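The values are calculated or read from the model by the stated rules, or taken from the named source; none is laboratory data. Keep in mind that this is a model prediction, so the values were computed, not measured. Ideal geometry is used to build each Cβ from the backbone, glycine not excepted, and the neighbour counts take in all protein chains shown.
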Amino acid sequence: MLRFVLTRLSLVIPTFIGITLLVFVLIRLIPGDPIETMAGEHGIDPARLAQLRVDYGFDKPLLVQYGLYLSRMAHGDLGRSIATHEPVISEFRTLFPATIELSVCAILFAICLGLPAGIIAAVRRNSIFDHGVMGISLTGYSMPIFWWALLLILLFSVQLGWTPVSGRIAVQYFIEPVTGFLLIDTLIDGDFGAFRSALSHLVLPVIVLGTVPLAVIARMTRSAMLEVLGEDYIRTARAKGLPRFRVIAIHALRNALIPVVTVIGLQVGVLFTGAILTETIFSWPGVGKWLIEGINRRDYPVLQGGTLLIGAIVMIVNLLVDVAYGMINPRIRYAR
Amino acid sequence: MDRSILLAAVCASALVFASAASAKTLVFCSEGSPENFYPGVNTTGTSFDGNEPIYNRIVEFERGGTKVVPGLAEKWTISPDGTTYTFNLRKGVKWHSSKSFKPTRDFNADDVIFSIERQWKESNPYFKVTSPNHSYFGDMGLPKLLKSVEKVDDYTIKVTLDRPEAPFLADLAMPFAAIQSKEYADAMLKAGTPEKIDQDPIGTGPFYLVQYQKDAVIRYKAFPEFWGGKAKIDDLVYSITPDASVRWAKLQKGECDVMPYPNPADIDAIRKDPNITVLEQPGLNVGYLAFQTQKKPFDDVRVRKAISMAIDKKAIIDAVFLSTGIPAKNPIPPSMWSYNDNVKDDPYDPAAAKKLLADAGFPNGFETDLWAMPVQRPYNPNARRIAELMQADLAKIGVKAEIKSYEWGEYRKRMQAGEHQMGMFGWTGDNGDPDNFLHTLLGCDSAQSGGSNIAKFCYKPFDDLVVKAKTISDQAERAKLYEQAQVIFKEQAPWFTIAHAVQLKPVSKRVVDFKLSPFGRHNFYGVDVKD
Amino acid sequence: MTAEVLESPVVVAQAGTAPHPLLELWFDFRANRGAVTGLVVIVVLILLALSADFVAPHSPVITDNTAFLKPPVWQQGGSIAYPLGTDAIGRDMLSRLIHGARLSLLIGIAVVTLSVVAGTILGLVAGFYRGVVEIAIMRLMDITLTLPSLLLAIVIVAILGPGLMNAMLAVAIVLLPHYVRITRAAVISEVSKDYVTAAKVAGAGRLRLMFKEVLPNCTAPLIVQASLGISTAILDAAALGFLGLGAQPPLPEWGTMLADAREFVLRAWWVVTLPGLAILVTVLAFNLLGDGLRDALDPKLKR
């Protein structure tokens, strides 16, 4: 087991260095200059531009800049945003909890609905329920979520007025960030009104972001369950006269969960993609929106640092999923 | 997600909202996060808005106008040759305090000198703190204009200029000239955290900063010891809401009281809302289509005129600006002094345009390019869409225009280098002086490659007028020269003037005495709310 | 951007099954009502796209200065001249949607062709030449997969400049790793089989082995992935368009139309709703088709 973990780890480090290099090079290839972009209609005097480029270190050869970047990164310094002059890491720290809160809630939403739906669909195969779940989930899977978000806003926020339109919490609540997760911070504060406000702000973005994972989980659960239900040991258990519920809940589900867990792990990368769109539409103060702005402003340090941190997180989650999978299923351990 | 929970949540938030109204709170749905809390390195109006409650300048623009009035300086005198300014500073002005710093003294001359030198002198230890890019200080030409800034005594400052410059006082009233505390700066320098003064700001303004959460909210509280008297509202909240339609929805629901930059498409609905007033004022800006007058075929005034007559300006206003813009005929906005209302705009007349084009030797039209900026600007809500309309109009007189665009920084640079044939651009006034439009955008000085004269228009009779006006200090006399210049401008048609964006500000009826700033800034001192 | 799902071991393990006769495939496929519906929708879309110039009542780019934001015909103020209304500068929505079908199908097919061809070649190379080449290729693919796909696509478009071609290229690059991985996995499981050894013994060259012997036996998972890849490609390109980085106006690409119409969300529902609906229906049709193909090609899930 340890060897398996170590081999996986040894793959992670070169991948990470590869990401730093790829991201560094890609970002420098983007045409445009952060200083010029900021200058607006006024433009900027060439002499001052040259001076500023020196001040920001853009005048050095790319390789030197990359080396400097790596060595600073080793000390935990990801540089400062060119637009705001704040350290990238501290901006990330303020914004990341919002993204996490949204993503975790979206995944929970997807699991809570997708798992039971998939199980029931499998058990009642070819029933109306099964067809309904499969039809809906395929629709969800095909959904352009940016459009889905607009529709939900139009219906629930504008027409019915049930949910807030954007943001994380109503402005009248003054919550000092402790963890950065508003659902937790409001409870620490003991302010239930604020908690409800935070919750109601979460509803639509969570539905939007959770739609695709929900569809995927429901489909995966159904097919995994179908496969397991066809196995001999299930038939044996049934034949022995065990209650139907017990067979499904204990014997079948446990084995069917293995592929489902993998799929959930794989959804993490997908979630970030969805988060970029969801945050943009709902003005959710998270990392996705920050990165889009970073691209528009040619804010190299933000883009670089943000992409790296997200890449690192995706890698760690994938690693954990791999390890967990290896633990559940010994065959995988020796496959490589 | 259960529906009953949802309903409960909505009801609960409504209840709390009602009770929270007792302390006077004004919520401004701002359009974005400020860059930081040091206006000297800021480049966006959004950032200036975020800093407006906190800081003062030695002179200020009067609320809702462009007139320069006393700020931290009570009065000033200008030497007869126009090069020496002596400012008498206000006494007893208190600084805010923060968790990490309590001021021990009132505002004085050292603070003014520090705030200017920080942007001016590379030797100042704060020159590079936060950013060495003091954009506006440079854009206004101050590094070359300033000769010396001296402290006469604790409450007197003497500024000497290299040459007389009529708009200098107005420059000092601009947001970038905010005054910061030298005592705070020194303390933070000693503590090894100089950038703190730009993150936890301390100013002399009517409000102090309580909390800032990037992309979410900025909270201020009224500063009781403000030298002009405590603000009428107690709490000022900027609720950061980038999407225009969402801002409108929030205003409608009472979640905010003032919103900037409404969506042109929503204006009709907003006007119908009984709880909302829409304040409006023509902005200090102009959006235009510049012809590269040094390139064929646009070196021929007949071609420029023909294009100007072929484009349906009204359709552009109706489709893109809707009620957020008024058609432009002069290069300066109508609210600016010296605006010449006698100038007649070229009529929309495709037949005459076609004839004129034939006279100029292009009976079958020609091929050209049409540049459209990739981003929304205050003077142009959607350049792409305008370009599509222009393209369709020009096709009718045989001119094939290809729409081109580049990344915004690149776009401006290429335009300033004169690489285009026709291109859209625009300008927002910095200090309310016509010179800032007519000389900066159309004078020979800036027509060289890289200059801000996008049309590369250098026409002696015009240039003579605007250069002469720069050296005269009498406004009435200057106005006459500028009026003549506008007549020549129309004859020569270096631009097709598109529109002046109108500043529209939907404001809740509970807000009392909010005044529009011609510069598009938002100032909440003096504003009250009623319940 | 959820194509990863299909790489679950279940599908890959099936790579080795012998190809079904086409007729049997068709019978299996026909039994699946959803798949047939998908196919019908796609055929209709293709017909519309091919005949857009004759079918569409108006030009997709010509503006009508007298009819900005006209509602669809059944609403008050609508007119029969513009059955689905007009957009902000007076262009016919119906015509733009029909011409948009052309673009979306083009995007789907071009992107998938590009990444299937490039991905298969890279996968074959990685599977055949183990060692450094394989490590280099697979590491690069891992890195690409680690970055959120939309973010990577956005960065690529930022480098190349916004536009339809560049957006297609970006999406193709983002989809690439899936095909590389599938092909490589299939190749590795094929190479050890007897027929490959036999061919080797018979003196077949490496290229011949790759393309004539092994590749045909890896096609089943590739076909399934490709048919589903079309829907991913359309969605991703539309997302880029929505962020203003894809096809540029006046091109009637659905995502771009949606982005252009976003400001009218409160005022003119049709300019926002219709392009999104078009995207949804098209993507759904391709997913139904892909599902049907997979079921038909995969005996394990067969009834």
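Among the residues of the stretch B:384-392, is any modelled with pLDDT of 90 or more and more than 10 Å from every other protein chain (Cβ to nearest Cβ)?
Yes: the stretch B:384-392 contains one or more residues that are modelled with pLDDT of 90 or more and more than 10 Å from every other protein chain (Cβ to nearest Cβ).
Pick from B:Pro164, B:Pro132: which is in contact with a Ser or Thr (Cβ under 9 Å, 6 or more places away or on another chain) and at pLDDT below 90?
Testing whether each residue is in contact with a Ser or Thr (Cβ under 9 Å, 6 or more places away or on another chain) and at pLDDT below 90 leaves just B:Pro164.
Restricting the search to the stretch C:111-137, which residues are aliphatic (A, V, I, L, M), surrounded by fewer than 19 Cβ atoms within 10 Å (Cβ to Cβ) and in contact with a helix residue (DSSP H, G or I) (Cβ under 8 Å, 6 or more places away or on another chain)?
C:Leu114, C:Ala118, C:Val125, C:Val133 - these are the residues of the stretch C:111-137 that are aliphatic (A, V, I, L, M), surrounded by fewer than 19 Cβ atoms within 10 Å (Cβ to Cβ) and in contact with a helix residue (DSSP H, G or I) (Cβ under 8 Å, 6 or more places away or on another chain).
Residue by residue through the stretch C:248-271, note down the ones that are more than 10 Å from chain B (Cβ to nearest Cβ), within 21 Å of C:Gly78 (Cβ to Cβ) and surrounded by fewer than 24 Cβ atoms within 10 Å (Cβ to Cβ).
Matches in the stretch C:248-271: C:Trp269, C:Trp270.
Among residues belonging to the stretch B:95-126 that are over 21 Å from B:Thr160 (Cα atoms) and within 14 Å of chain A (Cβ to nearest Cβ), point out the one that is surrounded by the most Cβ atoms within 10 Å (Cβ to Cβ).
Per the stated criteria, the residue is B:Tyr126.
Taking interchain pairs and intrachain pairs at least six residues apart, which have beta carbon atoms under 6 angstrom, with the first residue in the stretch B:369-392 and in contact (Cβ under 8 Å) with a residue 12 or more places away in the chain and among the charged types (D, E, K, R) and the second part of a helix (DSSP H, G or I) and buried (at least 22 other Cβ atoms within 10 Å of the Cβ)?
B:Arg385/B:Val320
For the structure I just gave you, tell me whether A:Ile107 is in contact (Cβ under 8 Å) with a residue 24 or more places away in the chain, more than 10 Å from every other protein chain (Cβ to nearest Cβ) and crowded, with 19+ Cβ neighbours inside 10 Å.
yes
Taking the options C:Pro177, C:Pro221, C:Pro148, C:Pro216, name whichever one is modelled with pLDDT under 90 and under 27 Å from A:Thr20 (Cβ atoms).
C:Pro148
Pairs needed: first member in the stretch B:65-83, in a strand (DSSP E or B); second member anywhere, exposed (fewer than 14 other Cβ atoms within 10 Å of the Cβ); C-beta distance under 6 Å; at least 6 residues apart or different chains.
Hits for this filter: B:Val69/B:Glu62.
What are the residue pairs meeting all of these: first residue in the stretch B:260-274, first residue facing chain C (nearest Cβ under 7 Å), second residue part of a helix (DSSP H, G or I) and among the small types (Gly, Ala, Ser), Cβ atoms under 8 Å, and 6 or more apart or on different chains?
B:Asn263/B:Ala244; B:Asn263/B:Ser245; B:Asp266/B:Ala244; B:Asp266/B:Ser245
Could we say that B:Arg377 is at the interface with chain A (Cβ under 10 Å from one of its Cβ atoms) and more than 21 Å from C:Pro252 (Cα to Cα) here?
So B:Arg377 passes the test.
Do you know which of the residues in the stretch A:145-163 that are away from chain C (no Cβ under 11 Å) and aromatic (Phe, Trp, Tyr) is nearest to C:Ile234 (Cα to Cα)?
A:Phe156
B:Thr44 passes all but one of (1) in contact (Cβ under 8 Å) with a residue 24 or more places away in the chain; (2) within 14 Å of chain A (Cβ to nearest Cβ); which number fails?
With respect to (1) in contact (Cβ under 8 Å) with a residue 24 or more places away in the chain; (2) within 14 Å of chain A (Cβ to nearest Cβ), B:Thr44 is out only on (1).
Output the helices (runs of 4 or more DSSP H) that fall wholly within the stretch C:57-165 and possess 1 or more residues being free of Cβ contacts under 8 Å to residues at least 12 places away in the same chain and within 14 Å of another protein chain (Cβ to nearest Cβ), or say none.
C:132-146, C:149-160
For the stretch B:393-411, give me each residue that is within 14 Å of chain A (Cβ to nearest Cβ) and touching an Asp or Glu at 6+ places or on another chain (Cβ under 7 Å).
B:Gly409 - this is the single residue of the stretch B:393-411 that is within 14 Å of chain A (Cβ to nearest Cβ) and touching an Asp or Glu at 6+ places or on another chain (Cβ under 7 Å).
Are any of the residues in the stretch B:142-160 within 23 Å of the chain's Cα centre (by Cα), within 18 Å of B:Gln180 (Cα to Cα) and either surrounded by 13 or more Cβ atoms within 10 Å (Cβ to Cβ) or basic (Lys, Arg) (or both)?
No, that holds for no residue.
Do we find a residue being within 14 Å of another protein chain (Cβ to nearest Cβ) and part of a helix (DSSP H, G or I) anywhere in the stretch B:215-237?
The answer is no, given that none of the residues of the stretch B:215-237 is within 14 Å of another protein chain (Cβ to nearest Cβ) and part of a helix (DSSP H, G or I).
Among (1) farther than 30 Å from B:Ser473 by Cβ; (2) aromatic (Phe, Trp, Tyr); (3) not in a loop (DSSP other than H, G, I, E, B), which single condition is B:Trp95 missing?
It is condition (3) that B:Trp95 fails.
Hey, does the stretch B:144-164 have a residue that's assigned to a helix (DSSP H, G or I) and either closer than 21 Å to B:Glu195 by Cα or of a type outside the set (D, E, K, R) (or both)?
Within the stretch B:144-164, one or more residues are assigned to a helix (DSSP H, G or I) and either closer than 21 Å to B:Glu195 by Cα or of a type outside the set (D, E, K, R) (or both).
For the stretch B:277-316, what are the residues that are under 24 Å from the mean Cα position of the chain (by Cα) and assigned to a loop (DSSP other than H, G, I, E, B)?
B:Gly283, B:Leu284
In this structure, is B:Pro274 touching an Asp or Glu at 6+ places or on another chain (Cβ under 8 Å) and in a loop (DSSP other than H, G, I, E, B)?
No; evaluated as a whole, the condition is false for this residue.
For the stretch A:280-297, which positions are assigned to a helix (DSSP H, G or I), surrounded by 24 or more Cβ atoms within 10 Å (Cβ to Cβ) and within 9 Å of chain B (Cβ to nearest Cβ)?
Scanning the stretch A:280-297 gives A:Ile281, A:Phe282, A:Lys289, A:Trp290.
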